[in-house]
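K.L.:
Let me give you the structure first, and then I'll get to my questions.
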Amino acid sequence: MIRSMTAFARIETQETWGQLCWELRSVNHRYLDISIRLPEEFRHLEVAIRERVQLRLKRGKVDCTLYFQSNRNDNSQWHINQDLVQQLSEAITKINTLMGSTTPPNVIDILRWQGVLETTKLDMAEIGETVQEHFETALAQLLAHREREGTQLGILIEQRCDAIAILVEQIRHDLPMILQTQRERLQSRLAELLELNSERLEQEMVILAQKMDVAEELDRLETHLVEIRQTMKQNQAVGRRLDFLVQELHREANTLGSKSNHISTTSRAVELKVLIDQMREQTQNIE
């Protein structure tokens with residue numbers, strides 16, 4: 001299956017303890033380049049996140065960013081120890097009675113009493129599991145995006161392959177006519193200059209035919225097209241192989257153009273290069 005290297009995914013969730021958001025971006029790159037940005041409290045998850053990406057992706061520059069915000073600034077929640085407050089209140093009331101005082105207890109002083117305010121830390125291990133679960137969801141979303149883009153790229157490449165095959169067939173069909181035209185032209189010029197030597201003419205025609213023979217280049221172009229189509233059906237990363245095959249197409253098109261001495265072949269060689277360059281732009285974005 002063809003996959004693009006360009007994709008984006010975003011997963012955001014709101015929990016009782018706060019909010020987290022994963023953003024994953026990937027763009028073209030010759031190799032797999034992973035960049036992970038995590039809040040300090042989740043730094044220990046970096047190795048696991050990197051391994052998950054490496055298992056699912058083979059090429060591309062991938063940025064993974066986690067945004068996390070707790071409902072409490074210090075990741076904890078205050079709780080009042082009501083039993084202790086009740087005991088303190090009763091003790092203060094007794095003391096006031098013994099001393100004949102009517103001063104009410106000071107709330108701030110009670111809050112300052114050790115044990116009145118208790119804190120409950122967030123379970124970061126549990127939150128870490130949630131973070132990893134949502135990363136898997138975001139990664140699946142990224143892969144789906146890459147596959148959708150890859151499907152479109154595959155269609156575009158197939159269209160270029162079809163167009164190239166048509167041009168190759170047209171050149172092959174016209175080649176005998178072109179050779180015959182060149183033969184007649186050479187005969188006409190030699191007849192004007194000197195007494196026609198049939199043996200010399202045949203030698204010149206053999207040399208001309210060898211120089212103009214592009215059958216081998218046409219065969220290789222067709223072979224590369226078959227290989228490209230087969231490669232795109234493979235269920236693995238094929239971008240590098242497609243890059244190589246497109247380079248081979250371009251080389252054969254250059255040779256074809258250099259051997260051409262007829263306007264139709266030259267024109268079609270130029271069209272071939274245009275189509276191959278368009279195909280190269282597409283393959284450079286494939287994983």
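The values are calculated or read from the model by the stated rules, or taken from the named source; none is laboratory data. Worth saying up front: this structure is predicted, and the values here are computed from it rather than measured. So basically every Cβ, Gly included, is an ideal-geometry build from the backbone, and we count neighbours across all protein chains shown.
K.L.:
Which is under 59 Å from the mean Cα position of the chain (by Cα) and of a type in the set (A, V, I, L, M, F, W, C), of 91, 138?
P.N.:
The unique qualifying residue is 138.
K.L.:
With the stretch 182-277 as the region, which helices (runs of 4 or more DSSP H) entirely inside it contain at least 2 residues that are at pLDDT below 80 and not aromatic (Phe, Trp, Tyr)?
P.N.:
198-212
K.L.:
Now, a different point. For the stretch 253-271, give me each residue that is surrounded by 17 or more Cβ atoms within 10 Å (Cβ to Cβ), closer than 15 Å to residue 164 by Cβ and of a type in the set (Gly, Ala, Ser).
P.N.:
Within the stretch 253-271, 253, 257, 269 meet the criteria.
K.L.:
If you take the residues in the stretch 13-43 that are free of Cβ contacts under 8 Å to residues at least 60 places away in the same chain and in a helix (DSSP H, G or I), which one is surrounded by the most Cβ atoms within 10 Å (Cβ to Cβ)?
P.N.:
Here the residue is 43.
K.L.:
Then there is this: Of the conditions (1) loosely packed, with under 14 Cβ neighbours inside 10 Å; (2) polar (S, T, N, Q); (3) without any contact (Cβ under 8 Å) to a residue 40 or more places away in the chain, residue 235 clears all except one; give me its number.
P.N.:
(3)
Matching residues to (1) outside any helix (DSSP H, G or I); (2) farther than 17 Å from residue 128 by Cβ; (3) modelled with pLDDT of 80 or more:
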| residue | (1), (2), (3) |
| --- | --- |
| 62 | yes, yes, yes |
| 65 | yes, no, yes |
| 105 | yes, yes, no |
| 110 | no, yes, no |
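K.L.:
If a residue must be of a type outside the set (Gly, Ala, Ser) and either touching a helix residue (DSSP H, G or I) at 6+ places or on another chain (Cβ under 7 Å) or within 15 Å of residue 141 (Cα to Cα) (or both), how many such residues does the stretch 33-54 contain?
P.N.:
9
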